[in-house]
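Visitor: Here you go, one structure.
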Amino acid sequence: MSKLKPYIETVGQGPDLVLLHGWGLHSGIWELITEQLSQHYTLHLVDLPGFGRSPLPGGDYSIELLTEQVLKVTPDKAHYLGWSMGGLVATNIAVNHSERVESLITVSSSPRFVQADDWQHAMKPNIMDSFCRYLEEDYQGTIIRFLAIQAIGSETQKEDIRRLRDTVFIHGMPASRALREGLNLLNDVDLRESLKQVSVPFLRLYGRLDSLVPTKAAEEVQKLSPHSEHHIFPKASHAPFLSHTDQFVEKVREFLAT
């Protein structure tokens, strides 16, 4: 077990809600929703290992490592909200450590991010391969390209891209190993079977214009997790909490209130 712990910031009052960000970013990305949510919840904003202000422990950069690291710093029991790669981690925590989870919310996330023969509503494998290749040549440019894809199609595309770009390097460059192995994780992890074991209340949020997690995946996930609920923001892309902050907060509050 590694002694290093991730950076966590706690703000607000009320029930505990842990927020887990996506690949390449850090917890600063939640800035727009923090103000509203912290009036009703105690928010625990975690920087995943190797991103933001969190150190990178040794060992494989696996979903198990991320799960173990997050659980070191979060409350004994909390609601979990995970965006994109953070959604994979939050789902894994809900599956394997359900005693720590009150409820689960995933945002623009999928149990499998890359296509398979029996899973078409996902990214084509060659897209992920090309990101891995570009990363070796130009870290900063590749991260910014990846962030730009996340905003394409959104009503507030320009502002979203600017916010993602302004946020990403505030704490310096993410660890190159976290970037590289984080992409491998997005490429390899498949939680489809595990989804059947999610026993806590479960809400899935999507943007209809998201090119990384097509909303067609929502119907497939519904079959794997029939008791879960989902909502699609019609004019949002991969980051609905940036483009549709008020509606996003409203959906989260509505779900947590029940």
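Visitor: Within the stretch 163-175, is even one residue in contact with a Lys or Arg (Cβ under 8 Å, 6 or more places away or on another chain) and modelled with pLDDT of 95 or more?
Guide: There is no residue in the stretch 163-175 that is in contact with a Lys or Arg (Cβ under 8 Å, 6 or more places away or on another chain) and modelled with pLDDT of 95 or more.
Visitor: Testing Ser237 on (1) within 22 Å of Tyr80 (Cα to Cα); (2) under 16 Å from the mean Cα position of the chain (by Cα); (3) assigned to a helix (DSSP H, G or I); (4) among the polar types (S, T, N, Q), one condition comes back false. Which one is that?
Guide: The failed condition is (3).
Visitor: Still on this structure, I have one more. Tell me, which residue of the stretch 56-103 that is assigned to a strand (DSSP E or B), within 23 Å of Gly28 (Cβ to Cβ) and not aromatic (Phe, Trp, Tyr) is most open to solvent (accessible area, probe 1.4 Å)?
Guide: The selected residue is His79.
Visitor: Leu203 is checked against (1) farther than 21 Å from Phe255 by Cβ; (2) touching a residue at least 60 places away in the same chain (Cβ under 8 Å) and fails just one. What number does that condition carry?
Guide: Result: Leu203 passes all but (1).
Visitor: If you scan the stretch 160-183, which residues turn out to be of a type in the set (Asp, Glu) and free of Cβ contacts under 8 Å to residues at least 12 places away in the same chain?
Guide: Result: Asp166, single match.
Visitor: Look through the stretch 126-162, keep the residues that are hydroxyl-bearing (Ser, Thr, Tyr) and surrounded by 18 or more Cβ atoms within 10 Å (Cβ to Cβ), and return whichever of them is farthest from Ser237 (Cα to Cα).
Guide: Thr142
Visitor: Can I ask one more? Please find, among His121, His171, the residue that is under 19 Å from Arg208 (Cβ atoms) and open to solvent by 40 Å² or more (accessible area, probe 1.4 Å).
Guide: After ruling out the rest, the residue left standing is His121.
Visitor: Same structure again: Of all the residues that make up the stretch 1-55, how many are crowded, with 23+ Cβ neighbours inside 10 Å and assigned to a strand (DSSP E or B)?
Guide: The qualifying residues number 8.
Visitor: Find the helices (runs of 4 or more DSSP H) located wholly in the stretch 104-204 whose residues include 1 or more that are within 20 Å of Pro49 (Cα to Cα), and list them.
Guide: Answer list for the stretch 104-204: 125-137, 139-151, 157-168, 176-188.
Visitor: Among what's in the stretch 180-225 and is basic (Lys, Arg) and more than 22 Å from Pro240 (Cα to Cα), pick the residue that is least open to solvent (accessible area, probe 1.4 Å).
Guide: Arg192
The values are calculated or read from the model by the stated rules, or taken from the named source; none is laboratory data. Given the structure is predicted, the values throughout are model-derived calculations rather than measurements. A quick note on method: Cβ atoms are made from the backbone with ideal geometry, for glycine too, and the neighbour counts reach across all protein chains shown. The protein model used for the area step is the full one, side chains on, heavy atoms only, and it has no ligands, DNA or RNA in it. Shrake-Rupley method; radii C 1.70, N 1.55, O 1.52, S 1.80 Å.
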